[in-house]
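To start, the structure itself, in structure tokens.
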């Protein structure tokens, strides 16, 4: 065989190898799907703010997040307020996502990438119902770089892409679980079951009301535990009901120096503690906060109470087990006996 023919055969062999590599790892030139380093969702960055509905579907479970103006709600939680910051961060991930590596085009191998039965279908729609993106999200690589396997019907193969955040199918994880925040300086007293923890204006430590002979108060940090829980009141889940089908299991009352009173009625439902919240305002207490001693207090306490009631009316809120244990304490948890050989409280 001549040297010329040998070279020709060599070039043909090399070309065949390159074609095979292109088929295995490249992109179908008939589809405008982009390449490494290019946006995962072409053109989405310019339209991401048009998103009015996010739908996540997996194995029959569905989570729908709905936008109304600047706020979001969770459809599967009766339209309760969603964590808008979390959703905005989630959407931003689609806008900045980049293609990292092309993967298999063989659908039979998608299961290894979490893109078969375990895939999460993600749809973003605008306020007319028009679909902005619709794709399958698979396994995430937890290495601090937010890498995720995905497949879009417009692509020829699966891709490993960057920038995407987790898409939980639990509606609870999308809720805005912050219920109310009360500045520490405002709290005057907290009543739990058979004990009241109180302090004068300007004091930091709480005292046990009605301390008896041969009793002493528990450590200050123990007496402050309820305040730490209540000054930033949060919850894990919600239930829409105005009349719980259960007897109250306890009551907690928080009173501020400027007259706000929060009442929490506790219920034990399905092995969890739920609370019903109401707010009132007592203007008679407002004078204690005069002369600038309560700068965190609202200018209109009655309006604050009305706003709280508007947000909590008709809902039950599920407490974490940790918070529930703190709020279900009673007097023996805050006092110690000084009598010899007295049983520990």
Q: May I ask you to verify whether residue 110 is touching a helix residue (DSSP H, G or I) at 6+ places or on another chain (Cβ under 6 Å) and on the phi < 0 side of the Ramachandran plot?
A: no
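Let's see how each residue does on (1) closer than 21 Å to residue 170 by Cβ; (2) assigned to a loop (DSSP other than H, G, I, E, B):
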residue	(1), (2)
56	yes, no
64	yes, no
76	yes, no
85	yes, no
100	no, no
105	no, yes
108	no, no
117	yes, yes
**Q.** Residues of segment 44-69 that turn out to be surrounded by fewer than 17 Cβ atoms within 10 Å (Cβ to Cβ) and over 18 Å from residue 129 (Cα atoms), as a count
**A.** 4
Q) Among 121, 157, 100, which is in contact (Cβ under 8 Å) with a residue 40 or more places away in the chain, within 19 Å of residue 65 (Cβ to Cβ), assigned by TED's automatic domain parsing to the domain that holds residue 62 and in contact with a strand residue (DSSP E or B) (Cβ under 9 Å, 6 or more places away or on another chain)? A) 121
Q: Taking the options 284, 242, name whichever one is at pLDDT below 95 and in a loop (DSSP other than H, G, I, E, B).
A: 242
Q. If the Cβ limit is 6 Å and pairs must be 6+ apart or interchain, which residue in segment 258-276 that is outside the structural domain of residue 294 (by TED's automatic domain parsing) and outside any strand (DSSP E or B) pairs with which residue that is surrounded by fewer than 20 Cβ atoms within 10 Å (Cβ to Cβ) and at pLDDT below 95?
A. none
Q.
Residue under question is residue 148, and the condition is that it be surrounded by fewer than 18 Cβ atoms within 10 Å (Cβ to Cβ), within 27 Å of the chain's Cα centre (by Cα) and not in a loop (DSSP other than H, G, I, E, B); does it hold?
A. no
Q. Given the conditions (1) surrounded by fewer than 19 Cβ atoms within 10 Å (Cβ to Cβ); (2) more than 32 Å from the chain's Cα centre (by Cα); (3) assigned by TED's automatic domain parsing to the domain that holds residue 322, which single one is not true for residue 221?
A. (2)
Q.
Let me spell it out: the conditions are (1) at pLDDT below 95; (2) touching a strand residue (DSSP E or B) at 6+ places or on another chain (Cβ under 8 Å), and residue 203 meets all of them except one. Which number is the exception?
A. (2)
Q.
Can you tell me how many residues within segment 8-54 are assigned to a loop (DSSP other than H, G, I, E, B), at negative phi and at pLDDT below 80?
A. 8
(Q) Can you confirm whether residue 82 is over 13 Å from the mean Cα position of the chain (by Cα), at pLDDT 95 or above and over 18 Å from residue 164 (Cβ atoms)? (A) no
Q) If residue 255 satisfies every condition in (1) buried (at least 20 other Cβ atoms within 10 Å of the Cβ); (2) within 28 Å of the chain's Cα centre (by Cα); (3) within 21 Å of residue 325 (Cα to Cα) but one, which is the exception? A) (2)
Q) Out of all the residues in segment 294-303, is one or more under 22 Å from the mean Cα position of the chain (by Cα), more than 15 Å from residue 191 (Cα to Cα) and at pLDDT 95 or above? A) no
Q.
List pairs: first residue in segment 211-225 and on the phi > 0 side of the Ramachandran plot, second residue not in a strand (DSSP E or B) anywhere in the structure, Cβ distance under 7 angstrom, at least six positions apart or on different chains.
A. 214/338; 214/339
(Q) Considering only segment 221-232, I want to know if a residue exists there that is closer than 21 Å to residue 322 by Cα, at pLDDT below 95 and assigned to a strand (DSSP E or B). (A) yes
Q. Hey, among the residues in segment 154-197 that are assigned to a strand (DSSP E or B) and surrounded by fewer than 16 Cβ atoms within 10 Å (Cβ to Cβ), which one's nearest to the chain's Cα centre (by Cα)?
A. 178
Q: Would you mind finding the one in 310, 297 that is in the same structural domain as residue 248 (by TED's automatic domain parsing), out of contact with any strand residue (DSSP E or B) (no Cβ under 6 Å at 6 or more places or on another chain), assigned to a loop (DSSP other than H, G, I, E, B) and more than 22 Å from residue 173 (Cα to Cα)?
A: 297
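The values are calculated or read from the model by the stated rules, or taken from the named source; none is laboratory data. Values in this document were obtained by computation on a predicted structure and should not be read as measured data. Glycine also receives a Cβ, built like all others from the backbone with ideal geometry; neighbour counts cover every protein chain displayed.
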